[in-house]
Each structure stands twice: as structure tokens, then as C-alpha cells.
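Undergrad: Structure provided below as C-alpha cells; questions to follow.
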Amino acid sequence: MKKTILIVLTCFFSLSMLAQISYDEFNSSKLKAVRQLKIKLPKNYDPSSDVKYPLIIVFDGDYLFEPISGQVDFQTYFDDMPSSIIVGVVQGRERRRDGYCDEVTGLPKDSGLRFHDFVAEELIPYLDERYNTSKFRVAVGHDLMGNFINAFLFKDDPLFNAYVCISPDLSGTVRDFLGKRLKVFKDHIFYYMATSDKDLPYIRDAVLNVNTQISKVQNQYLTYYFDDFKNDTHYTLVNGAIAKSFDKIFELYKPLREKELEEKVLPYEGTLDKYLVERYDRIEDLFGIKKPIAEEEFEKVVKIAEQRNDLESIEMIGKLAKKLNPESLLGTYYLAQYSEKVGKIKKAKKLYESALSLNDVRHINRDFIFSKIDELTVVDTDEEEEEEENEEN
């Protein structure tokens, strides 16, 4: 019975994903041919909205598009990466011609150069004009196309910000000088490469040699990841590489994890509202998208502030939360907590009372707020009686 339910759910998910995929035909003057594109837009995509989305270009879209779409769905469900626009280039029988490179340089030549120009001068501008794309672009390629996408790195202004080279068939200058090329960038570049112990021997040897090169590169703008999978073939390593590469590329975007809280937030010098603002500014600068600070993030950072006995941070986080979402009770609640902790009982009581007229948040119990108001009413009354007794004496 359980197996039947699982099969039904899997089929439903697959049909749902297929329903979101559209097909487009692009008449290319560079290729003098019509190319088919597979396009998957984010759920609830609104072309009239100002919301921007990273653009993922999938080479070998014939067979890589669906596993990448599934991985993106999985990671966005858990908010581990931003919703993205995915475009698969269907290459079919033209794949060998599209990926044709000079044996000496390893860079596109003849039909390969025409395909390169099609991507850079026609496809990307077309997608940027038609869809709400952000400035962050990812290129994914396997085997022949895993080598091909490196060509965009050898331009003065690289077309992509992140490169996922899965078991690339490296050759020529690209193979010999990729490390040196990655050393000179002054804008952030993500580079991922993968092989496996059962990969095609000539591909594996070249990839391992290039990994040795890149591992020695010292460049603060380069973020490099390498995987050497075990017991996977040239083809079965693809799914693992897709999952690992996207997990690493969008690491900054993920919600605050325990490791970051312990290693970066806890020892942070300054009030913790600044850490949150700086973190989300980096997300916007890198991915070209505006990610709001989640309620759960405020909650996690307030707990760290309490662990540090850092009352100033609680106050500043309260002010930040109230500024970002004045209709929510979150900021007012933290300001009430701060006032209570520093002994400003009347102010704390008023803040708790005003919080009740604002919008709910998931992790704050209104019954608890009522109990705090009752508790502080008693304390406030006791203080008034004590003041009156002191005046009489």
C-alpha cells in the first residue's frame, strides 16, 4: 500500500513539473536555424512584478533539463536557493557541432564559435528582455558541453557567474591554463567540477590535473568546489553533481544554520542587527535579488543575543524588524522584551499591549503575551505601592 502511494505521489510530482515546462522556438541568425528551448518559470511567476530571478542555462538540455528542474524544485521548497528561471537548450544531433572546439586552444571554432555567439549575442539578450532575470547566471554542461562552457570564462566580461562542469572533456589551452585564468578575476566567480573513480579514464585524468591547478589558485573572488565521486560512471555521477553544485553555489542564500550561528554570529563584533543587514546585502549584491529577512532568522539571532547577554542587540533587532515590517508584532515584541530586561516595566507593558493589535507571527504565542501583560501589571502595581509607602515614610 505504501509503495503504491509513493508511486502515485511521484507520478503526480512529475506531471506537475511537466505542466510547468513550456517549449519555445528560437530562430537564430547566427546558426541560420531554429532551435528549441525548454523553459521552466518559477511557481507564481508574474511578468508584471519587479521580482527578479537568477537564470540557469542548461546545455545538453535534451537530458539535463529535467534533473536540474527537479533539483531546483527540491532546493527552493526548503528555501535553500532562490526560485530561478531554467532554460534548456535542445541540441540533439547538433551537439557535436555546437561543442566543436579547436584541438590546440580548446576554445570554440567554426560551428562551435557560431553556437557560442548564438548563446552570448542572441539567446541571453532575448531571455533578459522577455523574462524578469537577475544579473546572476549559471551555466551547466556535461562532457563535451562541460568543456564548452569554459569558453565564456576566457572573455573579458564572462557571460556567467557560476559554471557547473560535470565530467568535462577538457582540451587544449582551456585544460592547461584554466587555473591561471581563474586567478585574475575581480568579480565573484563560482566554479564547480566533478569526476568519479569510474569516469572515462582520459576525462578523469584531465579533470584531476586541472583540479590540482585550480586548488592552488589564490583569489578571494573565486569560489571553487570539486567532487570526486565513488562508484559512479560518467553518466550516473550527473545527479549527484547537480545536487552538490547547486547546494554550494547558493550556500549564502540558505537560512541561517547552526554552524554559521556558532562560527560567525556568536563571535560577531557589533550589534547583531548589523550582521543580518550585511548578510542580506551580500545576497542582493551577489544574486541580484532582494530576499526579505525571515521571521525565523530574527528568532535565531535573538537567541544568540540572549546567549551573549547582549541586550543592545535585542533592542536593535527589534527596531530593525519594526522598520522592515511595521504591521507585524515581531519588532514591537522584541522591543518589549528589551524594555522588560532593562527594568523599564511600564514601557514594556505598553509595548506588549500594542503588539496585540498587530499582525501575528508564527513563533510568538499571543497567550504568552497576555501572560506577560498580567505579570507586568502585578509588578507595576507593586512598584507603585512601594513608591507610595516610601513617600509616606
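The values are calculated or read from the model by the stated rules, or taken from the named source; none is laboratory data. Treat the numbers as computed from the prediction; the structure is a model and nothing was measured. Backbone-built Cβ (ideal geometry, glycine too); neighbour counts: all protein chains shown.
Undergrad: Hey, among 348, 321, which residue is closer than 21 Å to residue 264 by Cβ, surrounded by 16 or more Cβ atoms within 10 Å (Cβ to Cβ) and of a type in the set (Gly, Ala, Ser)?
TA: 321
Undergrad: Looking at region 294-302, is at least one residue in contact with a helix residue (DSSP H, G or I) (Cβ under 6 Å, 6 or more places away or on another chain), loosely packed, with under 15 Cβ neighbours inside 10 Å and at pLDDT below 95?
TA: No; the residues of region 294-302 include none that is in contact with a helix residue (DSSP H, G or I) (Cβ under 6 Å, 6 or more places away or on another chain), loosely packed, with under 15 Cβ neighbours inside 10 Å and at pLDDT below 95.
Undergrad: Which of the following residues is closer than 17 Å to residue 244 by Cα and either surrounded by fewer than 19 Cβ atoms within 10 Å (Cβ to Cβ) or touching a His at 6+ places or on another chain (Cβ under 9 Å) (or both): 117, 60, 46, 73?
TA: Result of the check over 117, 60, 46, 73: 73.
Undergrad: Shifting gears a bit: Only residues in region 24-44 that are assigned by TED's automatic domain parsing to the domain that holds residue 72 count as the first member; pair them with residues that are of a type in the set (S, T, N, Q) and assigned to a loop (DSSP other than H, G, I, E, B), Cβ under 6 angstrom, at least 6 apart or cross-chain, and list the lot.
TA: What qualifies is 42/83.
Undergrad: If you check every pair at least six apart or on different chains, which have Cβ atoms under 7 Å apart with a residue in region 254-273 that is without any contact (Cβ under 8 Å) to a residue 40 or more places away in the chain first and a residue that is part of a helix (DSSP H, G or I) and surrounded by 12 or more Cβ atoms within 10 Å (Cβ to Cβ) second?
TA: Here the result reads 265/272; 265/275; 265/301; 265/304; 268/275, each pair linking region 254-273 to a residue that is part of a helix (DSSP H, G or I) and surrounded by 12 or more Cβ atoms within 10 Å (Cβ to Cβ).
Undergrad: Moving to a separate point now. Just to verify a result, which residue in region 244-260, among those that are crowded, with 17+ Cβ neighbours inside 10 Å and touching a helix residue (DSSP H, G or I) at 6+ places or on another chain (Cβ under 8 Å), is farthest from residue 65 (Cα to Cα)?
TA: Ranking the qualifying residues of region 244-260, first place goes to 256.
Undergrad: Within region 125-151, count every residue that is closer than 19 Å to residue 286 by Cα and of a type outside the set (Ser, Thr, Tyr).
TA: 8
Undergrad: Right, residue 98: modelled with pLDDT of 95 or more, surrounded by 21 or more Cβ atoms within 10 Å (Cβ to Cβ) and among the charged types (D, E, K, R) or not?
TA: Criteria met by residue 98.
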